[in-house]
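Written below as structure tokens is the structure these notes are about.
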Amino acid sequence: VTVREALVRDAPTNVDYRRALMVSLGNLGDVLAARPFENLGDVAGATTAFERATALARTTAAEDPVDRRARFDLVNALLRLGGLLADGDTPGTGLAALFEADAVNAVLMSEEPDSHRYAFLQMVLDRRLGRALAAVGRAGDAVTRFERVRSAAPRLLTGPSAIGARSQRVQATVDLARLRAAARDPQAGALAGDAAADLDSAPPSPPLLAAT
């Protein structure tokens, strides 16, 4: 991070240097607090790193509004920041960043509807938003998001995002089953069965194991 900060200071208009610093800040945030089971528990440090990465991404996206990579980077930065905040003691604080990411990615998907990359990112966003909405008591909105994840999965299960898409579907199905069970909805059992079947039919992989 320090080396890349120096490069950006020396050449502040160099987009590649700026992007490299943004990636380093994202990786730093992951190690500090965001990576599941493999982090140092420094939420404040991770938040600062993600906020800085988001600011860099926002600057680059604003400089060239037609640059899809820049907007994709912004969505990812906002997702990381919003996801970290939503996992904390006040999950509602992550919603603004997550909804902004959702809006930017919706435009990317409209511009390139066949993109698996944008579609998979939307699955992650919908699942993250579902969890945050459920945590603040907006169960109905959370159900909508989890159902969107489940609906989006089949198209991606035969492409380059297949493992990730299955993982997102399993996690969204489990989260949806929890909400249904809390509401004493008999669908909860069927949803739990769907998640178990998804795990049984898939080859072992770190994302799927983490989903359980």
Qualifying helices (runs of 4 or more DSSP H) (wholly inside the stretch 1-70; at least 2 residues being more than 30 Å from Glu112 (Cα to Cα)): 2-10, 43-63
Scope the stretch 142-190; condition closer than 13 Å to Gln122 by Cα, in contact (Cβ under 8 Å) with a residue 12 or more places away in the chain, not in a loop (DSSP other than H, G, I, E, B) and not basic (Lys, Arg); matching residues: Phe146, Glu147, Val149, Ala152, Ala153, Leu156, Gly164, Ala165, Gln168, Ala172
Residue match in the stretch 124-132 (condition: acidic (Asp, Glu) and either under 15 Å from Leu176 (Cβ atoms) or touching a His at 6+ places or on another chain (Cβ under 9 Å) (or both)): yes
Selected residue (only one of Arg180, Arg148, Arg184 is out of contact with any Lys or Arg (no Cβ under 6 Å at 6 or more places or on another chain), open to solvent by less than 60 Å² (accessible area, probe 1.4 Å) and basic (Lys, Arg)): Arg180
Residue among Ala46, Ala11, Ala20 that alone is modelled with pLDDT of 95 or more, buried (at least 19 other Cβ atoms within 10 Å of the Cβ) and farther than 18 Å from Gln122 by Cβ: Ala46
Which numbered condition Val107 misses (of (1) in a helix (DSSP H, G or I); (2) without any contact (Cβ under 8 Å) to a residue 24 or more places away in the chain; (3) of a type outside the set (S, T, N, Q)): (2)
Hey, Leu40 aliphatic (A, V, I, L, M), in contact with a Leu (Cβ under 6 Å, 6 or more places away or on another chain), open to solvent by 30 Å² or more (accessible area, probe 1.4 Å) and farther than 23 Å from Asp126 by Cα or not: yes
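The values are calculated or read from the model by the stated rules, or taken from the named source; none is laboratory data. Worth saying up front: this structure is predicted, and the values here are computed from it rather than measured. Counting neighbours? That spans all protein chains shown, and the Cβs are built from the backbone with ideal geometry, glycine included. Just the protein is used for accessible areas: all its heavy atoms, side chains included, with ligands, DNA and RNA removed. Shrake-Rupley method; radii C 1.70, N 1.55, O 1.52, S 1.80 Å.
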